[in-house]
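The values are calculated or read from the model by the stated rules, or taken from the named source; none is laboratory data. A quick note: this is a predicted structure, and the numbers were derived from the prediction, not measured. Note: ideal-geometry Cβ built from the backbone for every residue, glycine included; neighbour counts use all protein chains shown. The accessibility values were calculated without ligands, DNA or RNA, using every heavy atom of the protein model including side chains. Shrake-Rupley method; radii C 1.70, N 1.55, O 1.52, S 1.80 Å.
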Amino acid sequence: AAGLWTVFTLGGVGSKASAQLEQCSPLASQSLLLLLTLFYFFISDNTAFSSSNPHAFQINFNSLYTALCDQQKSDQATLLLYMLLHQNSNMRTYVLARTDIENLV
């Protein structure tokens, strides 16, 4: 975790848009970094969820899609979108079913 956190905090990832996002909404920026960190560890460790409860929580894909469309200038948001599209078949199906996919692109 320390190595991944170092990459995020030392400017290994980030842009002017990311800095502006952090200034106007530091909680959102830190939450996004936490999601990316958790996502990374759950991909590398398949024992994180027990097989008896594969759906630990529900998420509103419409709100997530809207937020990702609004933040596509941020490297962190783009990375989260990439990871979701490649690792989550439900998110991928939702995005492909949207009629306004040009907002994301």
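A compact table of results
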| item | result |
| --- | --- |
| Pairwise label distance in nanometres, Asn88 with Ile101, each label 7 Å out on the Cα-Cβ vector | 1.8 |
| Potential extension, Tyr40-Ser63 segment - 0.36 nm per residue separation minus Cα distance | 6.1 nm |
| Heavy-atom SASA rank of Val95, Val105 (probe 1.4 Å, accessible area, largest first) | Val105, Val95 |
